[in-house]
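The values are calculated or read from the model by the stated rules, or taken from the named source; none is laboratory data. If you're wondering where the values come from, they're calculated on a predicted model, not measured in any experiment. Cβ placement follows ideal geometry from the backbone for every residue including glycine, while neighbour counts extend to all protein chains displayed.
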Amino acid sequence: MNISIKYHIPARELDFVNINLTKDNKLFIDPFRIKKGDTEFHKKCYLKIESFVNIMIKLAKNKEYKKLLEFIDNFYERNETRLGYSIETHYGKSFGENGGTDLVKSLSRNSILESGFVEDIFDFLIMVPNIGEDKVSDIITTIIFLDLVEYTQEQCNLWKIPTQTITLKKLCWNAEKEIWEKRKADLPVYLKKPIVFVPKSFVGERYLFSYEKLYREVIIPLYKNLELKNKNSSFVVKYKNGRVHVLGNKLRQKYPCTKYVILDFVKQYDLLYRDYKSKVLEN
């Protein structure tokens, strides 16, 4: 059952995602879409994301890994939005169950955040191991959750959707005080579980800026050109008619689409990566 059906609202007129309340909605909150949005709400949410990532980077640079782990352990799969894979996972499961500890160990071991290569949420998405669209979406949801609650309340007032006062089971990030805290909120409820709406303009099935796109559009073409310039390359086939061909599949076996390959690329070709990133984010 979709929101529009439950509350008898024209689906086309909704500003928020018309979620199905009984199953996962395979959509993810995309930082690129928030950054590119031109409303005050988009700008406010992106500033909070930017601020939080800066805190993480600062903690990592100062090697305050214990405090960083406390931050990461408060990232949750917020089931209230019904986005991503929340219903398929155990309700209440933390982003950091083992994963939080593993992530901090990885960050400390590889010096990814303190190296200076990670400057924002987009670099985080591109370079940090075991972080994909689902995890980044979870992180963003947690950071701006109180803003989404406020947005939901506004939409409920607009569409006369009934709400109940709920004590939220998970801690919420207070960006002004820079602390995690318990909160109550007036929210719509379905089968005794609160619902939080997300603007359509925040979400997509695929991220517009991703490590897979970087790999496909920049990394593989670069490595193909390098092999073409290498006279002794084992990846290049030369035909009698003069045609030259790079064995792409063989090249991708040597340089698979993994975060470790991406990170090595960024370390070697930082300026090329920054140029690609700026062009994507500016379009």
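Tally time: how many residues in the range 36-54 are under 17 Å from Trp180 (Cβ atoms) and either surrounded by 15 or more Cβ atoms within 10 Å (Cβ to Cβ) or in contact with a Phe, Trp or Tyr (Cβ under 6 Å, 6 or more places away or on another chain) (or both)?
Going through the range 36-54 one residue at a time, the tally reaches 4.
Give the range 15-34 a look and list any residue that's farther than 18 Å from Asn79 by Cβ and either surrounded by 20 or more Cβ atoms within 10 Å (Cβ to Cβ) or without any contact (Cβ under 8 Å) to a residue 12 or more places away in the chain (or both), or say none.
Kept after step one, since they are farther than 18 Å from Asn79 by Cβ, are these residues of the range 15-34: 15, 30-34.
Of everything in the range 15-34, those that are farther than 18 Å from Asn79 by Cβ and either surrounded by 20 or more Cβ atoms within 10 Å (Cβ to Cβ) or without any contact (Cβ under 8 Å) to a residue 12 or more places away in the chain (or both) turn out to be Asp30, Pro31, Arg33, Ile34.
List the pairs whose first member sits in the range 37-48 and is more than 16 Å from Phe122 (Cβ to Cβ), whose second member is surrounded by 13 or more Cβ atoms within 10 Å (Cβ to Cβ), and whose Cβ atoms are under 7 Å apart, counting only residues at least 6 apart or on separate chains?
Phe41/Tyr151; Lys44/Asp147
Looking only at the range 230-240, decide whether some residue is touching a Lys or Arg at 6+ places or on another chain (Cβ under 6 Å), touching a residue at least 12 places away in the same chain (Cβ under 8 Å) and part of a loop (DSSP other than H, G, I, E, B). Let's see the steps before the verdict.
Filtering the range 230-240 for residues touching a Lys or Arg at 6+ places or on another chain (Cβ under 6 Å) gives 235.
From the residues that got through so far, the ones that are touching a residue at least 12 places away in the same chain (Cβ under 8 Å) too are 235.
Those left that are additionally part of a loop (DSSP other than H, G, I, E, B): 235.
Yes, that holds for at least one residue.
Can you confirm whether Thr81 is modelled with pLDDT of 90 or more and either within 28 Å of Ile3 (Cβ to Cβ) or in contact with a Pro (Cβ under 8 Å, 6 or more places away or on another chain) (or both)? Can you show your working first?
On the way: modelled with pLDDT of 90 or more: yes; either within 28 Å of Ile3 (Cβ to Cβ) or in contact with a Pro (Cβ under 8 Å, 6 or more places away or on another chain) (or both): yes.
So Thr81 fits the description; yes.
Please go through the range 192-218 and give me each residue that is without any contact (Cβ under 8 Å) to a residue 60 or more places away in the chain and of a type in the set (A, V, I, L, M, F, W, C), ordered by number.
Val218
Tell me which residues, restricted to the range 128-149, are without any contact (Cβ under 8 Å) to a residue 12 or more places away in the chain and buried (at least 22 other Cβ atoms within 10 Å of the Cβ). Spell out the reasoning first.
Quick first cut of the range 128-149, residues without any contact (Cβ under 8 Å) to a residue 12 or more places away in the chain only: 132.
Result: no residue meets the conditions.
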